[in-house]
Amino acid sequence: MTAATETGALVERKGNVVLITINRPEARNAVNAAVSTAVGDALVEAENDPEIRVIVITGAGDKSFCAGADLKAISRGEGVFAPGNEHWGFAGFVRHVVSKPTIAAVNGTALGGGTELALSADLIVAAESASFGLPEVKRGLLAGAGGVFRLPAQIPQRLAMEMILTGDPISAATAREYGLINQIVPDGTVVEAALALAERIAVNAPLSVQASKRIALGIQAGDRPAENDRWGHSEAEWEGLMNSEDAKEGPLAFAEKRAPVWKSR
């Protein structure tokens with residue numbers, strides 16, 4: 001696994017660690033099908049390579065870890081999931097269960113799908129300027145990539161509900177205070193810090209680490225069955241919501257740079 005520019009991601013092996021970098025800085029690392037494919041393929045390769053012990057994922061540049069789904073691609077009628085591997089979920093990552101530990105190195109804003117991507121990782125290292133949020137309700141949408149059920153599972157319910165219902169973001173400092181992230185580091189050093197954390201894991205017995213992760217997260221046969229009902233509920237709510245006038249009004253108002261007019265229908 002060598003450093004190579006994929007359509008959507010850079011994949012680089014660093015000893016027993018693989019570093020995956022979403023490589024669309026001009027689009028704030030927004031996720032399209034190419035990103036989902038590149039990330040998902042990298043996870044498959046890492047999971048099947050006995051020499052890889054830890055996976056780190058980050059975004060190119062220093063402004064945004066991931067801005068969520070590529071709305072321009074969606075507006076063109078393009079999907080954002082990996083063709084043929086839609087079961088991997090958003091970014092090829094959020095439902096892609098692997099036994100190798102994963103670390104998100106959040107190097108800037110992580111909003112919407114960016115926060116959901118971070119929530120899917122086992123550990124999170126964030127730059128001082130990082131922020132986290134699920135602003136979907138401001139656009140007539142919902143955080144359909146696991147955010148609405150994973151966030152309350154990872155931080156106090158009251159704060160999670162405030163974030164989900166207001167759509168307002170929190171700073172890295174607040175995220176650290178409430179246990180959403182493991183470390184805050186100076187801007188420009190987040191990948192280095194994540195790789196250092198990865199090395200602390202990689203020195204341990206790989207099979208012990210992987211078995212421990214599977215037990216901790218309830219992973220069985222490459223699945224997390226405890227989450228399946230939540231995913232089903234989320235998808236049903238999403239489908240119902242997307243048929244509403246408000247779901248069309250939110251993105252339209254955003255594109256037209258005006259306040260949305262909600263109709264509750």
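Just Ala38, Ala202, Ala226 to compare: in a GNM of the chain, with alpha carbon springs under 10 Å, which one fluctuates most?
Its mean-square fluctuation being the largest, the pick is Ala226.
Go ahead and estimate [θ] at 222 nm for the chain from helices alone: -39,500 (n - 2.57) per DSSP H run with n ≥ 4, summed, over the residue count, rounded to 500.
Rounded to the nearest 500, it is -11500 deg cm²/dmol.
Along the principal axes of its C-alpha atoms, what lengths does the chain span, in descending order and rounded to whole Å?
56, 38, 37
If you roll a 1.4 Å probe over the chain with all protein chains in place, what percent of the accessible area is carbon or sulfur?
It is 53 percent, rounded to a whole number.
Between Glu45 and Ser99, what is the spin-label point distance in nm, taking each point 7 Å from the Cα along the Cα→C-beta axis?
2.1
Semi-axes, largest first, in whole Å: what does sqrt of 5 times each Cα gyration tensor eigenvalue give for the range 134-223?
Over the Cα atoms of the range 134-223, the semi-axes work out to 28, 20, 11 Å.
Determine the order of Lys72, Lys263, Lys14, Lys213 by accessible area, beginning with the largest, at a probe radius of 1.4 Å.
Largest accessible area first, the residues go Lys72, Lys263, Lys14, Lys213.
Relative to the compact-globule scaling 2.2 N^0.38 Å, provide the ratio for the alpha-carbon radius of gyration of the range 57-208.
Here the Cα radius of gyration is 1.03 times the empirical estimate.
Residue by residue through the range 39-50, which ³J(HN,Hα) values in whole Hz follow from phi under the Karplus form 6.51 cos²θ - 1.76 cosθ + 1.60 (θ = phi - 60°), with glycine and proline marked x?
My calculation for the range 39-50 gives 5, x, 4, 5, 5, 4, 5, 5, 5, 8, 9, x Hz in order.
Calculate, in nm to one decimal, what Ala255 and Arg13 gain on full extension: separation in residues at 0.36 nm each, minus their alpha carbon distance.
Between Ala255 and Arg13, full extension yields 83.2 nm more.
For the range 59-103, report the translational diffusion coefficient in µm²/s to the nearest whole number, using Stokes-Einstein at 25 °C, 0.890 mPa s, and a Kirkwood Rh over Cα pairs.
200
Which whole-Hz couplings ³J(HN,Hα) result when phi for each residue of the range 69-79 is put into the Karplus expression 6.51 cos²θ - 1.76 cosθ + 1.60, θ = phi - 60°, listed in order with x for Gly and Pro?
For the range 69-79, the Karplus curve yields 6, 6, 5, 5, 5, 4, 5, 8, x, 8, x Hz.
With a 1.4 Å probe and every protein chain left in place, work out the accessible area per residue of the range 82-128 in Å², rounded to a whole number.
Accessible area per residue: 23 Å².
Taking a quarter of the surface of the Cα convex hull of the range 225-265, what do you get in nm²?
Answer in nm², one decimal: 3.5.
Among Ser264, Ser234, what's the order by accessible area (1.4 angstrom probe), most exposed first?
Ser264, Ser234
In the chain, which longest range has no GluC sites (Glu not before Pro) that are both DSSP loop (not H, G, I, E or B) and surrounded by at most 16 other Cβ atoms within 10 Å?
129-255
With the contact rule set at Cα under 8 Å and sequence spacing of 6 or more, what percent relative contact order holds for the range 52-133?
Relative CO of the range 52-133 lands at 35 percent.
Kindly report, to the nearest 10 Å², the accessible surface of Val31 as traced by a 1.4 Å probe over protein heavy atoms only.
Rounded to the nearest 10, the figure is 0 Å².
Would you work out the relative contact order for the range 145-210, in percent, from Cα pairs under 8 angstrom that are 6 or more residues apart?
19
Using 29 Å as the Cα-Cα cut-off, could you pick out the over-long pairs in Lys63/Lys138; Lys72/Lys138; Lys213/Lys248; Lys63/Lys257; Lys14/Lys213; Lys14/Lys138?
Checking Cα-Cα distances, Lys213/Lys248; Lys14/Lys138 exceed 29 Å.
List, in order, the whole-Hz ³J(HN,Hα) value for each residue of the range 253-259 obtained from phi through the Karplus relation with A = 6.51, B = -1.76, C = 1.60 and θ = phi - 60°; use x for Gly and Pro.
For the range 253-259, the Karplus curve yields 5, 4, 5, 8, 6, 9, 6 Hz.
The values are calculated or read from the model by the stated rules, or taken from the named source; none is laboratory data. For clarity, every value in this text was computed on a predicted model and none was experimentally measured. Glycine also receives a Cβ, built like all others from the backbone with ideal geometry; neighbour counts cover every protein chain displayed. Surface accessibility is based on the protein's heavy atoms, side chains included, excluding ligands, DNA and RNA. Shrake-Rupley method; radii C 1.70, N 1.55, O 1.52, S 1.80 Å.
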